[in-house]
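Below is one structure, written out as structure tokens, with a few remarks after it.
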Amino acid sequence: DPKEITAFRRKEDESESQAKYFSVVWCKASKKKHKKWEGDAVLIVKGRSFILKDLEGKDIGKGIGYNLKEFEKIEEGQTLMVGGKEIEVMGVISSDDFSSGRCFQLGGGSPAVSSSSLTARSCFSKPFKSVCKPSSKENRQNDFQNCKPRYDPYMPNSLVMPQPDKNHQWMFNKKCFPLVDVVIDPHLVYHLRPHQKEGIIFLYECVMGMRMDGRCGAILADEMGLGKTLQCISLIWTLQCQGPYGGKPVIKKTLIVTPGSLVNNWRKEFQKWLGSERIKIFTVDQDHKVEEFVQCMFYSVLIISYEMLLRSLDQIKNIKFDLLICDEGHRLKNSAIKTTAALISLSCEKRIILTGTPVQNDLQEFFALIDFVNPGILGSLSSYRKIYEEPIIVSREPSASEEEKKLGERRAAELTCLTGLFVLRRTQEIINKYLPPKIENVVFCRPGALQIELYRKLLNSQAVRFCLQGLSESSPHLLCIGALKKLCNHPCLLFSTAKEKESSSSCNEDEERSLYKGLLNVFPADYNPLLFTEEESGKLQVLSKLLAVIHELRPTEKVVLVSNYTQTLNILQEVCKRHGYAHTRLDGQTPISQRQQIVDGFNSKYSSDFIFLLSSKAGGVGLNLIGGSHLILYDIDWNPATDIQAMSRVWRDGQKHPVHIYRLLTTGTIEEKIYQRQISKQGLSGAVVDLSKTSEHIQFSVEELKNLFTLHENSDCVTHDLLDCDCTGEKDRTGDSLENFAVCRPCQLGPHHQKSSSRKPLSMSQLKQWKHFSAGHLNHTDPFLERIRENVSFFFQNVTNQTAAIK
Ligand SMILES: Nc1ncnc2c1ncn2[C@@H]1O[C@H](COP(=O)(O)OP(=O)(O)OP(=O)(O)O)[C@@H](O)[C@H]1O
Ligand SMILES: [Mg+2]
């Protein structure tokens, strides 16, 4: 009957589209009576086909063309043969449990974790006195008397840690000590910002294993400058003196591992918040070895650099640390490197990673960080890949089917949920209200005549032409880019290299020679790079005027002057000398032991330094340079993170003055192109804001190279030309409110990671909202811009926190 056939077909179609999931055990098909199951698996049945996956998510069987009726009837307890395997169905898996991935057993059954421990958190319980029978009444009274909270939990503004729930007490209070409130030292609470109080509670719950049974790790990924250090110091100080069970301290010794340049910063922060009496800390350096820490019982905190840690690993392994803190811990994202392996080898369970970089952009790196703080929580790397990484990545491909998209999203949500319990990230906005206004300027400086001539010559070189024809196998484009960038900073930087190349005869440097060929002829015959002038470089001219006007109008304020190149810093330093500006300098060659001293010197109100010369790549991360309130970025990096890092050195907690940021770009040159790339491509694609990415990682198409290697001589601002803005730069322009431009960041996992905007690279549409004007039309009250306009073709300006009260 045709009707019946249609009905049958429809039914077949329906079951084709609806998958069913079962948990099963399996073994190879055999005739043996006593079978031995070989393992658990997940059976996915869809119409006439099936897939069998092991609990690591790997396919262990697949087949099509099975009997539809038989597949429809599958139920608990049933055995059946599929793909040469015998299976017994243990139960039905809900489609939600499958799509979230929860049905795959992870690291010893964490599925219950995500929902239950959240509720557990809020359920405070009484100690179970009934179980607890101290030997005598007196004893008990003594116990209770000794077990008073260290600080009064009922004082107004007191910060009391949540009490552990019954389950926790059962696990960790075997001796039935009375429950005591853990209260943060009021001396610290007085200074804490609200987000820091929350952060301390978060860290406390994590390391106490209250958020996730038996897991004591945490990742504090707050954006730069939110005071991760203070939050950790508060935690250490609290756990070292108090604990919920009978008031007994939870930890004795803490190990803090940090980049070398920050070792002393940590010491200083301890001192700043706790003075030198409360807690004894020990920093390892050339003259202070780990042995000393071991010998002196009164030290409780050891601060050491990652490099020193490797060198002293054997001694460190012999010390029992109860808490491990890894500052700038994103460097542990690679589990293959020695440092990570060394830290994993330490037996300490309570582990905290601090990082200002978003951690979830790269799923593999994310795994490494998670697995470091809470080993095994996501299962093995191979199962993580199958269950999370692969479906999530597939779902983001443009070619992904609806089904793949859904599965990927669901798995991503589950991953966020699972890890969200011990990863905390707050963005900069949270602290903006405590900060003074920030005035950001992008200043387009006209190149000098010599610069233009040299620029043309370089673009006509054989090396550049080869690049554009895609003729070269090696990567001469990096050479060409490097030379153009140098030229933008100052022509004298090119002179020395060109001189060298001219005389060298090595043939591997052919490309380099072809780049510099004939360049010397463009320089004046008696050119001496040591006697460079400011006029030869557009930016240097602007810089020099800018410094002069700051010096004149704000004699008590200081300037941080940033470049990525040591050679450029040399030039800038020479300029300081010529004008008699007192200055100090920190770059890659500055011994680590001296860095903090230099920073402190500059920040001190008694210092006479006017300028801090900083190589952002060498020493930027984590430094506080709040002594300066003007920051000038002399050159631009491919990676916006480098520049953002530098900017947040001055606009951070403790800054007393309005902050002025100046980014200098040479009009029409490669610098504008790099800037555009920063804001359009990277900004919009939400590319990882990661300091480790350098230009070597960037792939350029020939088309892109053509654009890079073009000089726009007739534009006031190519970036503005690209904005599709209808103004002609003749007046201060600002568009609609910024909120209209939600920036999407597809790399992040879940919606609640999308909040940040202030520390993210700008997008083009956001830039359009900045005030912008050509220098000729500057009817502006900014006295600083007024003074430099002569050598400038265009300005962009944006003010954040305009109304902020200056403390
Ligand atoms: N509650 C506070 N009140 C005043 N100053 C604070 C407070 N919290 C932190 N600070 C100061 O803010 C500055 C930044 O703090 P910190 O160095 O800990 O930031 P961070 O989160 O580690 O940032 P980064 O990622 O750049 O290392 C420090 O000088 C610190 O002393
Ligand atoms: Mg820090």
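Bear in mind that the values in this text are calculations on the coordinates, not laboratory data. These figures come from a predicted structure and were not determined experimentally. When we count neighbours, we look across all protein chains shown, and the Cβ atoms used for this are built from the backbone with ideal geometry, even at glycine.
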| When N is the residue count of the range 54-102, what does its C-alpha Rg come to as a fraction of 2.2 N^0.38 Å? | 1.24
| Partner aspartates and glutamates for residue 545 [C-alpha distance under 12 Å; skip if fewer than 8 residues away on the same chain] | 534, 535, 786, 790
| Past the 27 Å Cα-Cα mark, which pairs from 174/268; 20/406; 35/73? | 174/268
| remark: Taking 0.36 nm per residue of separation between residue 364 and residue 593 and subtracting their Cα-Cα distance, the length gained on full extension comes to 79.0 nm
| task | Averaging over all projection directions, find the projected area of the Cα convex hull of the range 548-601 and quote it in nm² with one decimal place. | result | 4.2 nm²
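Go ahead and run the numbers for FRET between residue 347 and residue 382, Cβ-Cβ distance against an R0 of 30 Å, rounding to 0.05.
0.75
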| field | Only Lys, Arg (+1) and Asp, Glu (-1) charged, at Cβ; the range 2-93 dipole about Cα centre in debye | value | 380 debye
| said: On a 20 Å Cα-Cα criterion, which of the cross-link pairs 166/252; 485/558; 605/656 come out too long? | reply: 166/252; 485/558
| field | Computed label-point distance, nm, for sites residue 158 and residue 48 using a 7 Å Cα→Cβ extension | value | 7.3 nm
| message | For the pair residue 502/residue 786, report the inter-label distance in nm, with labels modelled 7 Å from Cα in the Cβ direction. | response | 4.6 nm
| message | With the crude spin-label approximation of a point 7 Å out along Cα→Cβ, what separation in nm comes out for residue 722 versus residue 287? | response | 5.2 nm
| field | Alpha carbon convex hull of the range 551-641, volume per residue in cubic angstrom | value | 97 Å³
| said: Sorted from largest to smallest, which semi-axis lengths in Å does the alpha carbon gyration tensor of the range 487-601 give for its equivalent ellipsoid, taking the root of 5 times each eigenvalue? | reply: 32, 20, 10
| Given a cut-off of under 8 Å on Cα pairs at least six residues apart, what relative contact order in percent is computed for the range 113-426? | 18 percent
| request: At a Cα cut-off below 20 Å, give the lysines reachable from residue 768, other chains included and same-chain residues fewer than 8 away excluded. | output: 438, 673, 681, 731, 760
| What is the gain in length, in nm to one decimal, between residue 394 and residue 656 on full extension, counting 0.36 nm per residue of separation less the C-alpha to C-alpha distance? | 89.4 nm
| query | Taking only the alpha-carbon positions of the range 113-426 and ignoring solvent, what does the Debye formula give for the base-10 log of I(q)/I(0) at q = 0.09, 0.12, 0.16 Å⁻¹? | reply | -0.50, -0.86, -1.38
| Linear extension gain, residue 401 paired with residue 6, 0.36 nm per residue minus alpha-carbon span | 139.5 nm
| Calculated FRET value between residue 294 and residue 94, using beta carbons and R₀ = 60 Å, to 0.05 | 0.65
| said: Just to verify a number: FRET efficiency for residue 449 and residue 608, C-beta to C-beta distance, R0 = 45 Å, to 0.05? | reply: 0.75
